[in-house]
Structure formats: structure tokens, C-alpha cells
């Protein structure tokens, strides 16, 4: 089942999306929102696979709203203005629906999202290791061996036993290599393996005996950890 939400300042637009979703057996519309701030809280606390997101809203542009999300589900933009299409695809939108859209066009977008979600799931299942460049060679790192990943200027330090390794890359690039469900960025300088967390609070987390602060820009991480722990 693909779980989704819809965000639009127009109730009639939300009503149409709701009606279309009811026709698709594998699609579950959990909530609709006219207030984007309420949607942010819901996304932080619940599993969301897909967002139907209006671009032109009174308080915020939908594209900017999506860029600001810490957790980024797949997104299908909906708008009455075709000029936004290129910008929408620049943030990796699955599709772009120009209002008013018919059911067949909506269904086509849903199948694109379904196929992409299945592809991402298969990639995560297969990923058990990554390769990083160390001393001009590509070194294989098993994900289960990683205790901590730390940024050091232009390098990152991957804490594995018997000794850590250094590689020239950014923490952001490393984060993109890792399965999102298994690793979390908790600070501008740290990525942690979720399964190796020993304890955590809103402000800090302990991994492999090391206490790591949760940065103010990563406050949503606490909600993610709570969700993972079943709380």
C-alpha cells in the first residue's frame, strides 16, 4: 500500500484528489491539509510515501516547501500554472499535474510514483556495502561495520574496526549513498547507523560509546528516531 497525503489551499482541489485516490486500490490517502505547517508535523511523525503538493499557496511556494523538508517523500506537484513545470522537475518531482487534470492523467502519475517507489525499495534491499576512495583505491565498506561517520573539513572519517578510514568527500555525498532507513544525519558533522544507537534524547544520541549532539537544524531526527524505536 502506498501511503500519501495532499496539500492544497483549495478544498475543491483536495476533494478531487480524494475522489481519485478512492479509485486506486494500492493508494491510501491518509490526510489532506490546507495548512502546510500541519503537514510538516504529520510527515515527521508518520510514514508518507507520496505527497500531492500545490505550488501556489498563500504563505509558501510548494517547491520551496518541499525543499525545506528534512524527510522527503516522493512528490507530485499540482498547479494551475504551467510555467512552474521545469522548476518542479528540478527538485526530482515524480510528475507535474496541470489543473484541472482528468483521472487518466492522475492515474498515469500514480503509476510512475509506484514504479519509482518499487525501484527504491529494491535498491535498499540489495545495498549491503558501499565503495569509497581511500589512497587512490576504491575500498569496500560493509554497512553493518560502520559505527559512525564524521566530517573532518574536506574529508569524512568512517569509524570501522579495527581502524577508521578517511575519504575525500562531503557528508552530504555520503548521506546520498546510504539507505535512509538505516542511517540518520543528526548534525552537520555526523551521520549515525540507527541500529547501533545505545540511547538518545532530543539533544543528543550515543553511538559506539560516543555522545553525539543533535544539531538544531536536525531536530526532526528525534521524531524519526522515536518512530523507529516504536514509541
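What to note about this one:
- Condition check for residue 138 on (1) assigned by TED's automatic domain parsing to the domain that holds residue 189; (2) modelled with pLDDT under 85; (3) surrounded by 14 or more Cβ atoms within 10 Å (Cβ to Cβ): one failure, at (3).
- Residue 154 fulfils the conditions (1) at pLDDT below 90; (2) in the same structural domain as residue 184 (by TED's automatic domain parsing); (3) within 20 Å of the chain's Cα centre (by Cα) except for a single criterion, (3).
- Residue ID - nearest to the chain's Cα centre (by Cα), chosen from residues in region 77-117 that are exposed (fewer than 13 other Cβ atoms within 10 Å of the Cβ) and modelled with pLDDT under 85: 92
- Per-region count, region 7-43, residues more than 17 Å from residue 110 (Cβ to Cβ) and surrounded by 19 or more Cβ atoms within 10 Å (Cβ to Cβ): 4
- Residues of region 44-63 classified as free of Cβ contacts under 8 Å to residues at least 40 places away in the same chain, assigned to a helix (DSSP H, G or I) and over 21 Å from residue 109 (Cα atoms), total: 0
- Identification of strands (runs of 3 or more DSSP E) wholly contained in region 166-231 with 2 or more residues that are closer than 25 Å to residue 135 by Cα yields 190-193.
- Within the set 166, 120, the sole residue that is free of Cβ contacts under 8 Å to residues at least 40 places away in the same chain, over 21 Å from residue 218 (Cβ atoms) and in the same structural domain as residue 209 (by TED's automatic domain parsing) turns out to be 166.
- Matching residues in region 188-207 - criterion: being under 12 Å from residue 222 (Cβ atoms) and in contact with a helix residue (DSSP H, G or I) (Cβ under 6 Å, 6 or more places away or on another chain): 200, 202
- Scanning region 1-22 for residues that are over 18 Å from residue 74 (Cβ atoms) and either in contact with a helix residue (DSSP H, G or I) (Cβ under 7 Å, 6 or more places away or on another chain) or not in a loop (DSSP other than H, G, I, E, B) (or both) yields 11, 12, 13, 14, 15, 16, 18, 19, 22.
The values are calculated or read from the model by the stated rules, or taken from the named source; none is laboratory data. Fair warning: this is a prediction, and the values are worked out from it, not measured in the lab. No Cβ is skipped: glycine too gets one built from the backbone with ideal geometry, and neighbour counts run over all protein chains shown.
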